[in-house]
Structures are given as structure tokens and as C-alpha cells.
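Undergrad: One structure is given below, represented as C-alpha cells, and several questions about it will come after.
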Amino acid sequence: MIRAVIDTNVLVSSFISPLGPPGRILVCWETAVFSGIASPQLLDEYLRVLSSPRIAQKYGIGQSTIDLFVTFLKGFAEPVSLATIPDIVRDPGDNVVLATAVVGNAGYIVTGDKPLLALESHHGIRIVQPPLFEALLLAS
């Protein structure tokens with residue numbers, strides 16, 4: 001089974017606009033088409049970003065909806081624990097994504113983040129945009 005870490009920007013996109021590739025990827029995760037891996041630090045980042053006033057105000061998302069969504073994610077994510085988070089790139093959030101993928105033996109990191117995409121891979125883990133990952137899921 002494909003194992004992947006979904007970056008926060010993709011998750012937020014799936015939550016806000018469920019009809020595009022990020023939304024379809026979330027459905028694939030929920031229905032176990034692939035195994036989605038998440039660390040507590042990554043789940044905290046999902047909650048923090050979704051709860052930001054900018055997101056909540058722009059899209060009219062209430063905190064109770066966000067809390068329910070993150071609780072739902074915790075229920076079907078494959079959990080991994082991070083003892084340490086190495087300093088690989090400038091953004092600490094990106095370091096969490098990379099560490100989660102390595103510890104979770106992921107095959108893919110799915111992101112729209114340009115600095116992560118510029119790496120192309122990390123420890124043999126492919127770093128791809130949502131449309132490519134969706135195509136890979138459909139081909140498997």
C-alpha cells in the first residue's frame with residue numbers, strides 16, 4: 001500500500017475546496033486507498049493553521065468544525081512519534097513533514113510548498129504535488 005504524508009497546505013486546500021485534487025486525495029485517505037501518516041506535531045500544525053483567524057474569517061469555518069475535522073483525521077491517520085526533528089530546511093513546519101515521512105517510512109510527501117518541492121526527494125521519499133499524487137493513486 002502507498003504510504004504518504006500530506007502537508008498542511010494540501011490538507012487546508014482539501015478542507016476549503018473539496019472538489020479539486022487535494023479534496024479527492026483526502027477522500028482516498030479516508031477510504032484507505034493509501035495509508036496517511038501523521039505525527040502529533042503534524043496534527044498540531046493542521047489544527048493551528050486551520051484555526052488561524054485568516055482561514056476562519058475568510059472561509060467562515062467555526063472552531064467546532066475544525067476540532068471535529070482534526071479529531072476525524074486522528075482517527076484514520078497512521079500515527080508516528082517523533083523524538084527529535086532535525087533542522088533540514090528553513091521552515092520548522094517543513095522539517096516536521098520531512099521527519100514524519102522518514103520515521104513513518106513514507107513513499108511520498110504531498111505538498112504545494114515550493115521549498116519542499118525543490119528537494120524532489122528526501123531519503124528516497126518522493127516529494128510531489130497533489131495532481132501527480134492523485135494520478136499515482138488512480139494508477140495503482
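Undergrad: Residue pairs, Cβ under 9 Å, 6 or more apart or interchain, first in region 113-125 and closer than 20 Å to Val103 by Cβ, second in a loop (DSSP other than H, G, I, E, B) and modelled with pLDDT of 95 or more. List them.
TA: That search, which allows pairs on different chains as well, returns Asp113/Asp7; Leu116/Asp7; Gly124/Gly107; Ile125/Asn105; Ile125/Ala106; Ile125/Gly107.
Conditions (1) among the aliphatic types (A, V, I, L, M); (2) under 15 Å from the mean Cα position of the chain (by Cα); (3) surrounded by 19 or more Cβ atoms within 10 Å (Cβ to Cβ), marked per residue:
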site	(1), (2), (3)
Arg90	no, no, no
Ala101	yes, yes, yes
Leu117	yes, yes, no
Pro130	no, yes, yes
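Undergrad: Restricting to region 77-101, name every residue that is closer than 13 Å to Ile6 by Cα and touching a His at 6+ places or on another chain (Cβ under 8 Å).
TA: Leu98, Ala101
Undergrad: What is the residue count in region 119-128 for residues that are closer than 14 Å to Ile6 by Cα and surrounded by fewer than 19 Cβ atoms within 10 Å (Cβ to Cβ)?
TA: Count: 1.
Undergrad: Being modelled with pLDDT of 90 or more and β-branched (Val, Ile, Thr) is the filter here, so list the residues in region 72-129 that pass it.
TA: Val80, Val96, Val97, Thr100, Val102, Val103, Ile109, Val110, Thr111, Ile125, Ile127, Val128
Undergrad: Another question, if that's okay. Please indicate, with yes or no, whether at least one residue in region 42-58 is basic (Lys, Arg) and part of a loop (DSSP other than H, G, I, E, B).
TA: No - not one qualifying residue is present in region 42-58.
Undergrad: Ok, one more. Condition first: in contact with a helix residue (DSSP H, G or I) (Cβ under 7 Å, 6 or more places away or on another chain), of a type in the set (Gly, Ala, Ser) and either at pLDDT 95 or above or closer than 13 Å to Gly93 by Cα (or both). Now tell me which residues in region 24-55 satisfy that.
TA: Listed by number, the residues that qualify are Gly36, Ala38, Ser39.
Undergrad: Checking the structure you have, find out if any residue of region 50-66 is over 17 Å from Gln129 (Cβ atoms), in contact (Cβ under 8 Å) with a residue 12 or more places away in the chain and touching a Phe, Trp or Tyr at 6+ places or on another chain (Cβ under 8 Å).
TA: Looking through region 50-66, at least one residue is over 17 Å from Gln129 (Cβ atoms), in contact (Cβ under 8 Å) with a residue 12 or more places away in the chain and touching a Phe, Trp or Tyr at 6+ places or on another chain (Cβ under 8 Å).
Undergrad: What's the number of the condition Val33 fails, among (1) among the aliphatic types (A, V, I, L, M); (2) in contact with a strand residue (DSSP E or B) (Cβ under 6 Å, 6 or more places away or on another chain); (3) touching a residue at least 60 places away in the same chain (Cβ under 8 Å)?
TA: With respect to (1) among the aliphatic types (A, V, I, L, M); (2) in contact with a strand residue (DSSP E or B) (Cβ under 6 Å, 6 or more places away or on another chain); (3) touching a residue at least 60 places away in the same chain (Cβ under 8 Å), Val33 is out only on (2).
Undergrad: OK, next. Taking the residues in region 1-18 that are outside any strand (DSSP E or B) and within 17 Å of Leu138 (Cα to Cα) as candidates, determine which candidate is modelled with the highest pLDDT.
TA: This residue is Ile2.
The values are calculated or read from the model by the stated rules, or taken from the named source; none is laboratory data. Quick caveat: nothing in here was measured; it's all calculated off a predicted structure. Neighbour counts are summed over all protein chains in view; Cβ atoms, including those assigned to glycine, are modelled from backbone coordinates with ideal geometry.
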